[in-house]
Number of protein chains: 2
Amino acid sequence: MDSSVVKLERARLSADDWEKAALESIAESGVGGLAVESLARRLGVTKGSFYWHFSNRDALLAAALARWERSDTHNLIARIETLTDPYERLRELFRASSRDMRSHRTYAALLTATDHKVVAPVLERVAAERMGYLARVFAQAGMKGIDAEYRARLAYSAYVGFLQLTLQLKSLKLSNEDLEAYVEHVIGALIP
Amino acid sequence: MDSSVVKLERARLSADDWEKAALESIAESGVGGLAVESLARRLGVTKGSFYWHFSNRDALLAAALARWERSDTHNLIARIETLTDPYERLRELFRASSRDMRSHRTYAALLTATDHKVVAPVLERVAAERMGYLARVFAQAGMKGIDAEYRARLAYSAYVGFLQLTLQLKSLKLSNEDLEAYVEHVIGALIP
DNA sequence: CCGATTCCATACGCAAGCGTATTGACAGCT
DNA sequence: AGCTGTCAATACGCTTGCGTATGGAATCGG
């Protein structure tokens with residue numbers, strides 16, 4: 001009878017479980033809101049468990065970010081590589097900015113912790129990699145050398161700023177139709 | 001003899017002094033780094049002084065943000081209003097993004113606190129006002145209705161993202177020449 | 001020159017959050 | 001069944017930062 005409730009909680013936890021939960025917590029309440037005792041409550045244990053799996057809070061944060069860095073960038077690139085036409089790739093990239101909100105929320109949360117010494121290097125790597133990829137696609141689409149890099153930086157900056165303005169500041173959010181129209185406007189403005 | 005050192009510190013402080021110091025502290029170490037005891041040390045007093053001028057930390061933050069909201073937006077608009085040609089206005093706005101770093105640093109720091117309940121409304125107002133202004137200038141430059149608004153949002157997003165990427169993540173910073181060239185690229189891409 | 005006001009120092013109490021130490025429960029192996 | 005390693009609960013100490021209480025010094029109007 002009572003076992004049905006208990007079954008929902010895993011009997012024992014792994015480091016993976018903590019990392020996943022940490023990413024969820026970050027997406028919801030930011031890096032600053034990541035606290036081991038609150039995470040433990042969320043997982044139905046106490047922090048006695050946590051300190052068996054990780055040496056301290058920063059270690060959990062680093063592990064969670066490593067997991068995010070691995071999966072998140074991979075997913076995006078994989079989806080794009082199915083397209084061959086560079087113009088289509090660019091359009092798909094831009095449209096992806098308005099879908100898949102879970103992933104974007106996590107990224108937006110991380111962007112509000114650029115001053116954190118564990119977070120900053122990860123963000124630098126991710127941004128550099130993505131901008132580099134974007135620049136290559138712009139180059140494939142016919143833009144010359146440095147222009148492709150500048151355009152990539154512009155497009156990526158617009159994406160980052162969009163996350164800040166739209167996801168974090170709720171009064172600036174766009175309706176669904178407006179969002180689609182906006183993305184099409186951006187595509188028209190930034191794709192050669 | 002020893003008076004020379006003491007003279008550097010003001011004899012007594014006003015609420016204004018605290019607000020200014022708070023803004024400096026925010027520019028350096030973010031909203032989260034704003035602590036009354038550390039601010040007091042910086043001003044050469046103790047927190048006994050602080051709690052005479054303000055009821056609590058949030059009150060100081062609110063006052064400092066109000067001061068920032070007043071002065072910062074005002075300065076920018078005032079400088080732009082001396083130009084009459086809308087294209088020139090846009091170019092000047094974009095170029096201003098790479099100057100006057102003090103003001104930008106403060107804004108970048110505030111952008112990393114979009115989840116703070118005192119900060120968020122201020123940022124929403126400022127962003128909405130500036131985007132509205134931008135949209136009007138784009139309209140003056142010949143863009144039609146909703147397109148001017150979307151272009152304003154795109155330009156402002158690019159600005160916000162630029163602040164995040166270049167000011168907060170130091171490995172992504174551009175050299176002075178690159179920065180100027182980038183701004184010119186953005187001008188070419190976003191001004192009709 | 002003397003109250004009243006303004007500004008500040010000192011000394012507390014308190015809550016949040018991290019990390020440690022110790023003990024306990026449960027599983028798998030032999 | 002008993003041992004061993006794995007995971008977790010409890011209890012504690014420590015630090016940081018906020019806010020309060022109270023007394024003292026400085027300054028200004030009269």
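The values are calculated or read from the model by the stated rules, or taken from the named source; none is laboratory data. Everything numeric here is computed off the predicted structure, so don't read it as measured data. Ideal geometry is used to build each Cβ from the backbone, glycine not excepted, and the neighbour counts take in all protein chains shown. Note: areas computed on protein heavy atoms with side chains; ligands, DNA, RNA excluded. Shrake-Rupley method; radii C 1.70, N 1.55, O 1.52, S 1.80 Å.
Points worth noting:
- Theoretical gain in end-to-end length, B:Ala66 to B:Arg95 [0.36 nm per residue, Cα-Cα removed]: 7.9 nm
- By the Stokes-Einstein formula, at 0.890 mPa s and 25 °C, the protein assembly as shown with its Kirkwood radius over alpha-carbon pairs has D equal to 107 µm²/s.
- Top of A:Leu13, A:Leu93, A:Leu23 by mean-square fluctuation, Gaussian network on chain A, Cα under 10 Å: A:Leu13
- Cα-based equivalent ellipsoid of chain A: semi-axis lengths in Å, sorted from largest, via gyration tensor: 36, 18, 16
- When accessible surface is computed with a 1.4 Å probe, chains B and A are found to bury approximately 3400 Å² between them, both chains counted.
- Selection from B:Ala120, B:Tyr150, B:His185 lying farthest towards where the dipole of the stretch B:65-190 points positive, charges on Cβ: B:Ala120
- Accessible area in square angstrom per residue, chain A, 1.4 angstrom probe: 50 Å²
- Test item: B:112-124 mean partner chain Cβ contacts at 10 Å: 4
- Range in chain B, longest, excluding exposed GluC sites (Glu not before Pro) [loop by DSSP; at most 15 other beta-carbon atoms within 10 Å]: B:82-192
- Of A:Gly30, A:Gly161, A:Gly48, the one that fluctuates the most in a GNM where chain A has Cα springs shorter than 10 Å: A:Gly48
- C-alpha center-to-center spacing [the stretch B:14-47, the stretch B:164-192] in angstrom: 31 Å
- Residue of chain B with the Cβ closest to the rotation axis carrying B onto A, and that distance rounded to whole Å: B:Gly161, 2.
- Backbone HN-Hα couplings from phi across the stretch B:92-103 [Karplus 6.51/-1.76/1.60, Hz, Gly and Pro as x]: 5, 4, 5, 5, 5, 5, 9, 10, 6, 4, 3, 4
- Per-residue HN-Hα couplings for the stretch A:13-20 [Karplus 6.51, -1.76, 1.60; θ = phi - 60°; Hz; x = Gly/Pro]: 10, 10, 4, 4, 4, 5, 5, 4
- Relative contact order [Cα under 8 Å, 6+ residues apart], chain B, whole percent: 22 percent
- Pairs spanning more than 20 Å between alpha-carbon atoms, out of B:Lys20/B:Lys47; A:Lys170/B:Lys173; B:Lys47/B:Lys117; A:Lys117/B:Lys173; A:Lys173/B:Lys117; B:Lys20/B:Lys170: A:Lys170/B:Lys173; B:Lys47/B:Lys117; B:Lys20/B:Lys170.
- Environment charge of B:Ala158, counting only residues whose C-beta is closer than 12 Å and scoring Lys/Arg +1, Asp/Glu -1: +4
- Helix A:176-190 vs. chain A, principal-axis angle (Cα, 0 to 90°, nearest 10): 50 degrees
- Were the residues from A:Glu177 through A:Arg41 laid out at 0.36 nm apart, the gain over their Cα-Cα distance would be 45.0 nm.
- Residues in the stretch B:122-156 that a label on A:Lys170 would reach, taking backbone N under 20 Å of a point 7 Å out along Cα→Cβ: B:122-129
- One way to sum up the overall shape of the stretch B:69-180 is the equivalent ellipsoid from its Cα gyration tensor, whose semi-axes run 23, 18, 14 Å, largest first.
- Rounded to the nearest Hz, the phi-derived 3J(HN,Hα) couplings of the stretch B:25-33 under the Karplus curve 6.51 cos²θ - 1.76 cosθ + 1.60 (θ = phi - 60°) are 4, 4, 4, 7, 10, x, 5, x, x, where x marks glycine and proline.
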